Amino acid sequence: MEPINSIAVTTVAAATGDQTSDPSSSSTKKRDASGYPKSRKGKEKQTRNPGRRRGTRPEGEEGEEGSAGPKEPRLPKRQCALMLGFCGSGYRGMQFQRIQPGLPERITIEGELFKALIAAGAVSKDNADDPVKVNFARAARTDAGVHAVGNVVSMKMITEVPGVDNMLAHINSKLPAQIRLWDFVRVQNSFNARTLCDGRKYTYFFPSYLLIPPKPGSPLDRTFRTYAASVSSEVQYSNDPFWDIPNAETSSAEEDLVRKRAWRATPAHIERLREIVKKFEKTHNFHNFTVTMNPNDKSNSRYMKKLEITDPAVYGDTEWIAVLLDGQSFMLHQRKMVFALVMISRTGTPAKIIDELYSLTTVQIPKMPALGLLLEYPIFGIYNQKIATANEGLEPSDPKYRPPIDFTNYSAEMSEFKQKFIYDNMRGIEDRKGLFDAWIRSVDAYDGTDFLYLNSQGTIPPEAIIQRGVQRENPFKEQRKFNMTSFAPNDGTKMKATEPDDVQDIDEDEPLSKKEMEEAEG
């Protein structure tokens, strides 16, 4: 009997007028390099390695140990959303990074999580070499050292392992204490944590003393006063009471820091912050608040739902203020938004300058220290509404039921974790190292023209504009140490404001591809 596939090919050939099915015949249609017609419709399906699923090893193939043997039994995988929190200190960010030959391993949150899932049996050995095999995706990436009390990873995982009664506790037992899995829930097969996330909430904490104006006689102060005089104006922060002391210009950094920590923001300071922060709400072109991007790129347009300034709170000797940022999606970096907020406030610049920063003009906006940034949690409002409809009439025990992704169910555990691993760590580092004070002094030590948009007119002067392809004479240079969030517990050495050999990596703000931006933003 003629094989069915052969009959099908012969029939198609007759119907189309082909006289032969020989691939080498000159009367056949144009063929590709493999000998198959360009159009595959109606033709015999080409198969490679029949009987083998893509991404798996053939029967009898040697395993990691180098010894052939029976394969492990296949356990069913389910599409899940994993809700986790972590302290980012000591990690090179959230995103998994492949080990490059000859280079040291870069320890990341996802790398640690994936290792724990493999050790717990939630990821099979067949898929252990590449997270892509299990559709691994994150709701929000975090930079090196940045914390998240809530984040979501989606993937296909093995939810039941023989001999394991509590899979959640089993996975957590394989994780370091500063990474916690709050829960994992079944989701629809099409669920992707990044593409279906419709909002993210961040918090940025900073000591309120950053609102004190630039120190009299500092390079930044002299630059601002020189520019103001050139346009027949004055700086708006003159005669601030904090600096109204004898020998203010020559006081030491140590003396200043003691007084800064005793300083408290007034209601007027807080109202001023709240006035400025409202300018970030709604949809704007945030190109000045990201890595170097073309101002005309449509992806710069983002919608910020709500930004709030909390009432100040004192911890130890220092008063802290929190900025709550709730956005549909964020540019890299939120820390640039907070830089603008703090600097506009401390220099008395009109809030309308933010409207100018949304124009196509490009200026230099550095980042605040990484230590203060915290991802609270991502939001899946649209997805939760969708599954609420799909769940109608179903009991939670029904196999088709899908729980919503809701972090409020774990608020108690998250609050305890946040206090122990994030807040205490953040405040302890500031107490020992004076990190925020060193950062603001590094800004005040700058004597170039990059920050002249912080003026009493609320306009961007030509001296502050960055021209593409034109090298600036004295650009502001960020320092790597202010991206750090991890220091030895017994390291009480105060940070220096400026260290010329510690400038930022040269490619830190180089343009990224659209794919890289999609992966990086959150």
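Just a few scattered comments:
- Mean-position separation - Cα centroids, the range 228-305 and the range 174-221, in angstrom: 21 Å
- Using the Cβ-Cβ distance between THR389 and TYR303 with R0 set to 30 Å, the FRET efficiency works out to roughly 0.75.
- Spin-label zone in the range 149-179 - amide nitrogen under 18 Å from a point set 7 Å from the Cα of LYS420 along the C-beta vector: 149-151, 168-179
- Probe 1.4 Å, protein heavy atoms only - accessible area per residue of the range 77-196 in square angstrom: 41 Å²
- When a 1.4 Å probe is rolled over the protein heavy atoms, the share of accessible surface on the range 246-300 that falls to carbon and sulfur comes to 55 percent.
- Solvent-accessible area per residue, Å², over the range 412-478 with all protein chains present [probe radius 1.4 Å]: 46 Å²
- Potential lengthening between SER411 and VAL132 on full extension [0.36 nm per residue; Cα-Cα distance subtracted]: 97.4 nm
- Cα-based shape type of the range 77-196, given that a ≥ b ≥ c are square roots of the gyration tensor eigenvalues and the cut on a/c is 1.5: rounded
- Shape of the range 290-400, Cα gyration tensor, a/c cut at 1.5: oblate
- Residues SER190 and ASP244, FRET efficiency given R0 of 45 Å [Cβ-Cβ distance, rounded to 0.05]: 0.10
- Measuring r between the beta carbons of LYS352 and ASP165 and using R0 = 60 Å, the FRET efficiency lands at 0.50.
- Across the accessible surface of the range 77-196, with the other protein chains kept in place and a 1.4 Å probe, carbon and sulfur atoms take up 47 percent.
The values are calculated or read from the model by the stated rules, or taken from the named source; none is laboratory data. Since the model is a prediction, treat every value here as computed from it, not as a measurement. In this analysis, Cβ positions are derived from the backbone assuming ideal geometry, glycine residues included, and neighbour counts consider all displayed protein chains. What goes into the accessible areas is simple: the full protein's heavy atoms, side chains included, and nothing from ligands, DNA or RNA. Shrake-Rupley method; radii C 1.70, N 1.55, O 1.52, S 1.80 Å.
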